[in-house]
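Chemist: Structure below; questions to follow.
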Amino acid sequence: MVASMHFHGAMAQTTHVVGDTLGWSIAPGGAAAYTTWASQQSFTVGDVLVFNFMNGQHDVAEVAAAAYDPCTSTNPISLTTTSPASLTLTTAGTHYYICTFTSHCQAGQKLTINVSAAATTPPSVTPTPPPSPSTTNPRTPTSPPPTTTPTPPTTPTEPCPPTSSPSASPPTNTTGSTTPPPPPSGGASSFNAMLPVSLLAIGLAFLNY
């Protein structure tokens, strides 16, 4: 399933009034008053700090960490002299603020806050509806291969021996045109009949002799 991803960056824009009703001044309790106030807040990139003070009597400067403890106002990161001073938190980490008027920072008009990175909402996934059946090309089923029935092997047939026929006529001589003479008839039969008689007579003659 194809999904389209949409990323939405969420940047909180909470406004924090520094010191609440106390405002930005020399607090009776010193720096601890602003430390307590900051511990009750949650600062995120994109939030806004509002410093309320008397113009001409106070100002607000953002300084580096090295300048915070000794209250050094030389080369501040930023300096605002008009109230209300609205400062947007653009980076995460620790931020330091002081009043540059003489001895105000040493008297406790100073603030330290910790800023967290802006939270982002997880990407929302918008599912894409599946295509309608009418636009889907169905897959053509594949026909099964034809079934082949094996043919049994053929048994060779033995040749039959030639059959001689008694009534078969002898081969005819076709090489010559001479016809064999017919067997003797008549005289030959009489000769064959007289031969045994003659032999008998000769045998009797020898006995009498």
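Chemist: Output the number of residues of the range 76-92 satisfying the condition of being open to solvent by 30 Å² or more (accessible area, probe 1.4 Å) and over 19 Å from M54 (Cβ atoms).
Modeler: Residues that pass the stated criteria total 7.
Chemist: Can you find a residue that is open to solvent by 70 Å² or more (accessible area, probe 1.4 Å), β-branched (V, I, T) and modelled with pLDDT under 95 anywhere in the range 126-134?
Modeler: no
Chemist: Right, something else. Could you check, for the range 115-123, whether at least one of its residues is of a type outside the set (S, T, N, Q), open to solvent by 50 Å² or more (accessible area, probe 1.4 Å) and at pLDDT below 70?
Modeler: yes
So that you can scan it fast, the table gives a plain yes or no per residue for (1) more than 20 Å from S39 (Cβ to Cβ); (2) without any contact (Cβ under 8 Å) to a residue 60 or more places away in the chain:
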{"site": "A66", "(1), (2)": "yes, yes"}
{"site": "D69", "(1), (2)": "no, yes"}
{"site": "T72", "(1), (2)": "yes, yes"}
{"site": "L89", "(1), (2)": "no, yes"}
{"site": "Q109", "(1), (2)": "no, no"}
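Chemist: Return a yes/no flag: does the range 60-67 have any residue that is at pLDDT 95 or above, open to solvent by 30 Å² or more (accessible area, probe 1.4 Å) and over 55 Å from the mean Cα position of the chain (by Cα).
Modeler: Within the range 60-67, one or more residues are at pLDDT 95 or above, open to solvent by 30 Å² or more (accessible area, probe 1.4 Å) and over 55 Å from the mean Cα position of the chain (by Cα).
The values are calculated or read from the model by the stated rules, or taken from the named source; none is laboratory data. Just so it is clear, the model here is predicted, and its values are computed rather than measured. Please note: Cβ atoms are built from the backbone with ideal geometry, for glycine as well, and neighbour counts cover all protein chains shown. Ligands, DNA and RNA are stripped out before the accessible areas are found, and what is left, the full protein with its side chains, is counted by its heavy atoms. Shrake-Rupley method; radii C 1.70, N 1.55, O 1.52, S 1.80 Å.
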